[in-house]
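Reviewing the structure listed below.
The values are calculated or read from the model by the stated rules, or taken from the named source; none is laboratory data. In this text the structure is predicted, and so the values were computed from the model without any measurement. Here Cβ is always computed from backbone atoms with ideal geometry, including for glycine, and neighbour counts include all displayed protein chains.
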Amino acid sequence: MRSVLRRIRSRQELQLAAALSHADRPLAAGWWSLLAVRGLLPAGFSIASGVLVGAIQHQASLAVPLVVVGVLFILLQVLGPLHTAVSANLGDRASAWLYDELTGACVAVPGIGHLEDPDLTGACVAVPGIGHLEDPDLAADLQVARDFDRGMTGPPLSVAMDFIAAGLVDLVAGLVQACVLFGFAWWAPPLLAGAWLATHWLLRESGVWKDRNTEEVRQAQRDADYAYRLAVDPPAAKELRIFGLPDWVLERFLVSRRRLHRLQYEATRMRERSVLASLALVLAANVLVLWALASAALDHRLALGGLVAYASAAVGTSMIAFGGLNWALDGAAAPVAAVARLKAAMGQAGPITSGSRSADGMPAHHIRFRDVTFAYPAAPARAVLSGLDLEIPAGSSLAIVGQNGAGKTTLAKLLCRLYDPQSGAIEVDGVDLKDLDLESWRRRVTAVFQDFVRFELTLRENVAPRETNVVPRGTTALAEPLAEPVGGTAAPDDTITAGLDDTITAALAEAGAHGLAGLDTVLAKGYVGGTDLSGGQWQRIALARALAAVRLGAGLVLLDEPTAQLDVRGEAEIFERVLAATRSCTTILISHRFSTVRHVDRIAVVERGAVVEYGSHEELMGLRGRYWTMFSLQAQRFAEGTPEEGEEEATFDVLT
């Protein structure tokens, strides 16, 4: 019994009904109430029409029957458009709620592995870890959940809700009118309603797209989505036009969409045998009931008014065939069920639990990797780090040199605790990183990754997003700040803003980004008064974000190619400023330029997931090993004037 109830509760149609209530309970109650009233009205109109005909036949007063028929007729005409408006509004609310649930499912996990799966990239952001974002098994649900309101496989919820309402109204109206026939004969309602209901079973393959999750369908959805993004997203606009690709993108989109519609049509088209069987069944049932009504009327066992009422109800019972759990309900319920599955799966795929110890003041002595082994969730058999041991003294700068794929950025991600290693431990001042409070530790860490984010927000919000009350433009303020002021004591808003602006201005100056724009300027051209920045300018903004975090209390700085889009002189200037600004912090930087690496305190060479050389620049050059080879190669090419972006140099990156 429990398994049966569990299967019933797990039906996506019931999950959609629950989602409507979660989205807006009063509006959902109104929607269901209108549905019930509209379902009862046709039966009431049939009965009232029969009463009116009977009154005319017996020459009785027509006032009450006419008023009742008129009121019911008006309600039949008025409630339909009203229900349509409520459906559209409720659909919009449900869409917003689903987006909230999807975003929450993605960003609530502390890690990010689910975000780095090629099938899932760009869809999720809230989980503390990221393993849930790299699980290929979540791709299908995430695709359905993400695209549900784009009209890729069906109308958006604001439109679909009206189709759903119409289908359910027809189903209820048909069943209620069938019940009217109990007044004529007990066998008539089961026979007629059963025949019309049987059409749903006979044509079930045409009403629901059951194989929407096949690999072929998912691939068509991904192809269509990719072509759509190429066409509408600004980053691709220049290349598409320069290389003459607009027609290619359009054709790719159309081919994918046509393929998707063809798959849907093949799966849901009417089958000849099913249609013929349905026609034969309903024709036989209707002929039998209508013949019985005519026979009763001819034998004077049924008055004219009753004949009109019952005949109208018999005809109205056909509404059962046109209502019910139709294609729109299936398309609208599928993403709700997908979001529900994602919420459960995300937490399992990105399991990073927070410890209880405060990280205030850490690291004070050292950071130590003890026999750390790690593999990404998408490739668990291929270890990126294998038995790695490394100690980083607090307050020092460290460079890690290695080939592409050696695991330099992975080390930074592990230190941010976006992942946990499969074995071994990462210790901060002798405390396992897993035992530290996650939020407390991340407040002590700041980072600039290669793929740093470019917020379409003001310059102030780009540099200090955690400390700034980030609200949509056009609104006033959040109910409460996103973060408490540093120090824990609340201060007047103007004092906090002034102090924060001073910190932001100083960080911008240290990053060489002073004067790029006003603090209230939106860094996106799509907004009034907004502006866009070059790649190098954006990199300086990302650096300023990290330096502002240092001023606000961060103790560990992770820089992954922070100056890749600057020239050599610009990089040298910025790196001198960064070292000066972070001299009290533990600094780790990824850079492929050895002119930068030689200035750090220590350098580690990583190969095959382990540290093979460790020491200062002078010590490693004296060993004449892997570091000496890489440094000498780059120095020779620089002396010869060989362009920096060569194949050999691209092979060796440096994490400092």
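Every residue, every condition in (1) of a type in the set (A, V, I, L, M); (2) under 19 Å from I352 (Cα atoms), yes or no:
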site: F369; (1), (2): no, yes
site: A383; (1), (2): yes, no
site: L388; (1), (2): yes, no
site: I400; (1), (2): yes, no
site: L414; (1), (2): yes, yes
What's the number of the condition L398 fails, among (1) in contact with a Lys or Arg (Cβ under 8 Å, 6 or more places away or on another chain); (2) outside the structural domain of I367 (by TED's automatic domain parsing)? (2)
Candidate set: the stretch 629-650, residues that are surrounded by 15 or more Cβ atoms within 10 Å (Cβ to Cβ) and closer than 18 Å to A399 by Cβ; chosen: the one modelled with the lowest pLDDT: E649
Testing A220 on (1) modelled with pLDDT under 75; (2) surrounded by 17 or more Cβ atoms within 10 Å (Cβ to Cβ); (3) closer than 27 Å to L20 by Cβ, one condition comes back false. Which one is that? (3)
Looking only at the stretch 81-119, filter to residues that are assigned to a helix (DSSP H, G or I) and either at pLDDT below 65 or among the polar types (S, T, N, Q) (or both); which one of those is nearest to H22 (Cα to Cα)? S95
Do we find that L433 is aliphatic (A, V, I, L, M) and closer than 17 Å to I588 by Cβ in this structure? yes
Report yes if some residue within the stretch 388-405 is among the β-branched types (V, I, T), surrounded by 20 or more Cβ atoms within 10 Å (Cβ to Cβ) and modelled with pLDDT of 90 or more; otherwise report no. yes
Might you let me know whether the stretch 480-492 holds any residue that is touching a helix residue (DSSP H, G or I) at 6+ places or on another chain (Cβ under 7 Å), modelled with pLDDT under 85 and surrounded by fewer than 21 Cβ atoms within 10 Å (Cβ to Cβ)? yes
Which one of the conditions (1) modelled with pLDDT of 90 or more; (2) under 26 Å from the mean Cα position of the chain (by Cα); (3) surrounded by fewer than 17 Cβ atoms within 10 Å (Cβ to Cβ) does E439 fail to meet, given that it meets all the rest? (1)
Scan the stretch 272-291 residue by residue and report those that are surrounded by 13 or more Cβ atoms within 10 Å (Cβ to Cβ), out of contact with any Lys or Arg (no Cβ under 9 Å at 6 or more places or on another chain) and at pLDDT below 80. V275, A277, S278
For the stretch 516-563, how many residues are surrounded by fewer than 24 Cβ atoms within 10 Å (Cβ to Cβ), touching a Ser or Thr at 6+ places or on another chain (Cβ under 7 Å) and part of a helix (DSSP H, G or I)? 2
So, in the stretch 9-48, exactly how many residues are polar (S, T, N, Q) and within 16 Å of L98 (Cβ to Cβ)? 3
